[in-house]
Amino acid sequence: MASLAELKERAKARTAANKTAPAHTPTAEKVTPRPAAPAEKPRSSDKAETPRPARKADIPHPSGDPRFKLVDRTLQRFQYQQDALIEVLHTAQEAFGFLENDLLIYVARQLRLPLSWVYGVATFYHFFTL
């Protein structure tokens with residue numbers, strides 16, 4: 001077993017060796033340049049006024065019922081994601097008072113879900129009225 005004096009000598013030798021050793025130089029890394037910033041888009045005021053195409057919510061529903069606009073706005077807000085089914089059904093029930101079969105069919109088609117899935121969700125939760 002090494003004595004205390006020997007351990008101190010070893011520590012001094014390591015410290016001296018570390019001071020004289022060259023600093024760690026990292027290997028040359030390939031640096032990729034950053035892409036240039038995209039060109040600034042022209043502002044709408046810079047363009048000539050062109051008529052915008054009608055959005056899906058602006059087109060009246062084939063039945064003529066204006067309450068479908070509320071449902072369509074909710075569908076657009078959630079970008080027609082299937083995960084938004086419960087929120088869309090809530091909005092539909094607020095607008096119509098209850099969920100009728102035609103409304104369930106409409107929601108199923110808009111969200112591209114099977115009608116059985118939409119009906120199953122509507123009948124499972126007690127806060128939906130059919």
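Overview of results
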| read-out | value |
| --- | --- |
| Peptides 113-124, 86-97, 4-15 ordered by average Cβ neighbours within 10 Å, highest first | 86-97, 113-124, 4-15 |
| Karplus-derived HN-Hα couplings along the range 68-85 (A = 6.51, B = -1.76, C = 1.60, θ = phi - 60°), whole Hz, x at Gly and Pro | 5, 4, 4, 5, 5, 5, 5, 4, 5, 4, 9, 6, 6, 7, 5, 5, 8, 4 |
| Kirkwood Rh and Cα Rg combined as Rg over Rh, evaluated for the range 68-124 | 0.90 |
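All of the numbers you see were taken from the coordinates with simple rules; none came from a lab. None of these values were measured; they are calculated from a predicted model. Cβ atoms come from the backbone with ideal geometry, glycine included; neighbour counts cover every protein chain shown.
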